[in-house]
Every structure is written in C-alpha cells, then in structure tokens.
1. Find all pairs meeting these conditions: Cβ atoms under 8 angstrom apart; at least six residues apart or on different chains; first residue within the range 38-61 and over 18 Å from Leu141 (Cα atoms); second residue surrounded by fewer than 23 Cβ atoms within 10 Å (Cβ to Cβ) and of a type in the set (Lys, Arg).
2. Does the range 148-168 contain at least one residue that is touching a residue at least 40 places away in the same chain (Cβ under 8 Å), in contact with an Asp or Glu (Cβ under 7 Å, 6 or more places away or on another chain) and polar (S, T, N, Q)?
3. What strands (runs of 3 or more DSSP E) lie completely within the range 1-116 and have 1 or more residues being under 20 Å from Tyr194 (Cα atoms)?
4. How many residues are touching a residue at least 24 places away in the same chain (Cβ under 8 Å), among the polar types (S, T, N, Q) and surrounded by fewer than 21 Cβ atoms within 10 Å (Cβ to Cβ) if we restrict to the range 22-31?
5. Which one of Leu176, Leu140, Leu202 is under 24 Å from Tyr80 (Cβ atoms) and either modelled with pLDDT under 95 or among the aliphatic types (A, V, I, L, M) (or both)?
6. Is it the case, given these coordinates, that Ser154 is assigned to a helix (DSSP H, G or I), loosely packed, with under 15 Cβ neighbours inside 10 Å and polar (S, T, N, Q)?
7. Mind counting the residues in the range 28-59 that are within 11 Å of Asp86 (Cβ to Cβ) and of a type in the set (Ser, Thr, Tyr)?
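The values are calculated or read from the model by the stated rules, or taken from the named source; none is laboratory data. The structure displayed is predicted, hence computed values, not measured ones. Here the Cβ positions follow ideal geometry from the backbone for every residue, glycine too, while neighbour counts run over all protein chains shown.
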Amino acid sequence: MFLNIQENAVFVADSHYNLKNQQFLYFLQKLENEDIKTNQVILMGDNFDFLSGESKYFIKKNKTAIELLNKLSFNIEMVYLEGNHDYNLQKIFPNIKVIKREEQPLFAKYKDKTIALSHGDNFINWQYDLYCSIIRNSSLLKFLNMIDFNNFISKKIESTLLEKEICHKMQDFKKLVGKRIDNYKTDIIIEGHYHQGSTYELGNKKYINIPSLCCDKKYIRLNNYEFIGENI
C-alpha cells in the first residue's frame, strides 16, 4: 500500500486506552463533534492498551471506542498502523486501512516529500521479531481465548497493564534516532512507540516521534510542511 498524506492530516500515537487512560475516547468524541476537524487520521499504534481480533474480553472492554472508531471511518479516511499492544485488527475495523507490523514502514508522499511511517518497534533484532510473530499468532490467540475461563488470563493482562508506568523521558533518545533513520530511505520518518514527542533534523532527513496521547495529551497535525502538536 502507498499512502497520499493530506493537508491537515492528524497523527495519533500511544493512547494506551484503558480504564485509566481515557484520552483516546475524548479524541474520538471530539472528531465526532467536529471540535477536531480533519479528513485523514493516521493511528500510529498502541492506541489501545491491549486489543486483538481474537480476544473477546478486550473487544468487549473496548466496545465504546471500537464502535465510535468504526462510525468515524465512514466519513474520515483512517489508517491504523498496528503496534505492539494492538494487532490482528482488520476484522474489528473493516473500513479502516490496517497496516500490520510486517508491512511497515508504510511509504507515503506529501507534496514533494517522501515519508515512511512505522509504529516504531521494527528494526530491532531477530529475537524481538520472533517474539512478535508468536504473540500475533492467530491460532495461539484463539487457543488462549478458548481456555480463558472466567477471563482469568485477560484480567491478569489487564491488571498488569493498568499498573505499568509508561510515561518517561529516554536518555540519549537522539542517539537511538540516529541509528533508526539509517533503516529509512525517505525525506521524513514518522514513528510512535517511544513516547518522546521529539523532532530531529539529522543530515537530510527529518525524524518525528509522535507524542503519546496518554502521556502528553497531544496529537500532531500536518500543516504546510509543519508537524504541529495540538492539545486534546
């Protein structure tokens, strides 16, 4: 898939929507009420704290946000880059362009600029690739769902995630960015995953880490080559 990014496109990352973090629902409600206006939304992954197409418990838990997202997708072009917390999503969001981890980076164009979009957990190592392939295995997830008596597995996952502290600044993030951009051959690289909300110009490339909606209460809007943070 190749994407044409529109003027005023909105980018949202790492909302980690759960009982504690409700910012993603607020964002969707503002889209519905047209308090936030755009014709294109790029969801950069981990917008749900956990969601997979096989997990009946988490589909039910996230029902309100799922239904609203699907409703909005009929009027707004939506692209969803799967993250490490939300995957196997296509059957949940039939009208949204879902980009799996193995299909990332997603290449795009904006005016005269080439862009690569990724959640950000690619280009790490083969061990992490293997781990990702295991946790996304549909047969395994269906089996776990089948033995999830009284939702004891799902509730344990939910409890663990609710207790996790995900908002912190990384030391030497610019150094990590310098290594990551070597994997990309485009003018602009856009990622989520790291929750840093930072932009760097390195050589002839521009790197943008979309802020975490959960941590920073911000999303990004593209306007005349500028990626501008807006408060939820």
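1. What qualifies is Thr38/Arg221.
2. yes
3. 10-12, 40-43, 77-81, 97-99, 106-110
4. Final tally of qualifying residues: 1.
5. Of the residues listed, the single one that is under 24 Å from Tyr80 (Cβ atoms) and either modelled with pLDDT under 95 or among the aliphatic types (A, V, I, L, M) (or both) is Leu140.
6. Considered against the rule, which asks whether it is assigned to a helix (DSSP H, G or I), loosely packed, with under 15 Cβ neighbours inside 10 Å and polar (S, T, N, Q), Ser154 comes out as no.
7. Number of matching residues: 2.
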